[in-house]
Amino acid sequence: MARRPIRRGNPTKLPKYGHVFPKRSIERFTGSDDCVMVRIRRNQRDQRMLPGNALFCARRCWTKHADFGYMKRIEDTFQAIATRLVSGATSISSSEHQEITRFCSLWRLRFFVKQSPLHDGVINGVAPEPPRTLAQQENLESNGYAYAIGNVMPGEQIASFVIQVWVNRLCDLSTSWGVIISKGAEFVVPDTFGALGVVPLSPTCCLVANQASAEISSENVVAINRIAVEQSVQYYFARDFSSTML
């Protein structure tokens, strides 16, 4: 579906692309060239890409208010937890378990919206709002307001509301998370793990839902990596595939 255009020069600084899996998370998997190795599923080609590459992003699928509002709050809280765990900590508080679950939900929902952008929706029973220029629409979005074009709400605004509502409903907030450490093979990150509760944090550290924290063998890492490949839709990545033992 064609996304709504942004004025030339983007004067209101609306985000053209939003990361599905956070850029900061991808950066933990980069090599000495500051890139990750990506395998494109449709042609099985491997490419080294910077974490900011548009492949990792959805184009205008949600609003600036969502991107810099509740999504950023969920990400920032999760990244603080991830940084601590990657640095060697293994304890996770009850509130942190919930924050990890919210992040996992956010990842799944953003992937869904990227794959199936929500269409504009007619607002029934409401008088159409007066016509607005593109500049007026962008100013409203930039300042955190929802708006209609006539009696039609833009799909990216609908998606922002839907994700915000479902981020706390999609997963069970009683889920616990285990810190899984590898001393051998490195983890692969798919564009989606589907409904599975797996969140890779670094090449050697991964969160798995409802599992005890443990150090696992390379064989077990390979088993997780095979699941990652099976669940992926467009691509999967790693620091370097030669270290994943696939």
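The values are calculated or read from the model by the stated rules, or taken from the named source; none is laboratory data. It should be emphasised that the depicted structure is a prediction, and the values quoted were computed from it without experimental measurement. Every residue, glycine among them, receives a Cβ derived from its backbone with ideal geometry; neighbour counts consider all protein chains shown. Please note that ligands, DNA and RNA were not included when accessible areas were found on the heavy atoms of the full protein model with its side chains. Shrake-Rupley method; radii C 1.70, N 1.55, O 1.52, S 1.80 Å.
Out of Gly125, Gly52, which single residue is farther than 30 Å from Ser242 by Cα, in a loop (DSSP other than H, G, I, E, B) and either modelled with pLDDT under 95 or not hydroxyl-bearing (Ser, Thr, Tyr) (or both)?
None of the other options fit; the residue is Gly125.
If the condition is being part of a loop (DSSP other than H, G, I, E, B), open to solvent by less than 60 Å² (accessible area, probe 1.4 Å) and either within 23 Å of Pro117 (Cα to Cα) or polar (S, T, N, Q) (or both), then region 1-46 contributes Arg3, Arg4, Ile6, Asn10, Thr12, Leu14, Pro15, Val20, Phe21, Pro22, Thr30. Between Thr90, Thr101, Thr83, Thr133, the distinction of being modelled with pLDDT under 90, closer than 18 Å to Pro200 by Cβ and not acidic (Asp, Glu) belongs to Thr90 only. The residue that is most open to solvent (accessible area, probe 1.4 Å), counting only those in region 82-96 that are closer than 19 Å to Pro22 by Cβ and part of a helix (DSSP H, G or I), is Arg84. Considering only region 153-160, I want to know if a residue exists there that is open to solvent by 30 Å² or more (accessible area, probe 1.4 Å) and of a type in the set (S, T, N, Q). No, region 153-160 has no match at all. Quick check on region 211-225. Is at least one of its residues in contact (Cβ under 8 Å) with a residue 12 or more places away in the chain, in a loop (DSSP other than H, G, I, E, B) and of a type in the set (Ser, Thr, Tyr)? Checking region 211-225: at least one residue is in contact (Cβ under 8 Å) with a residue 12 or more places away in the chain, in a loop (DSSP other than H, G, I, E, B) and of a type in the set (Ser, Thr, Tyr).
Against the definition (open to solvent by 40 Å² or more (accessible area, probe 1.4 Å) and modelled with pLDDT of 95 or more), how does Ser202 come out, yes or no? No: the conditions fail for Ser202. Out of curiosity, is Ile163 open to solvent by less than 70 Å² (accessible area, probe 1.4 Å), more than 25 Å from Lys16 (Cβ to Cβ) and assigned to a helix (DSSP H, G or I)? When the stated conditions are applied, Ile163 does not pass them.
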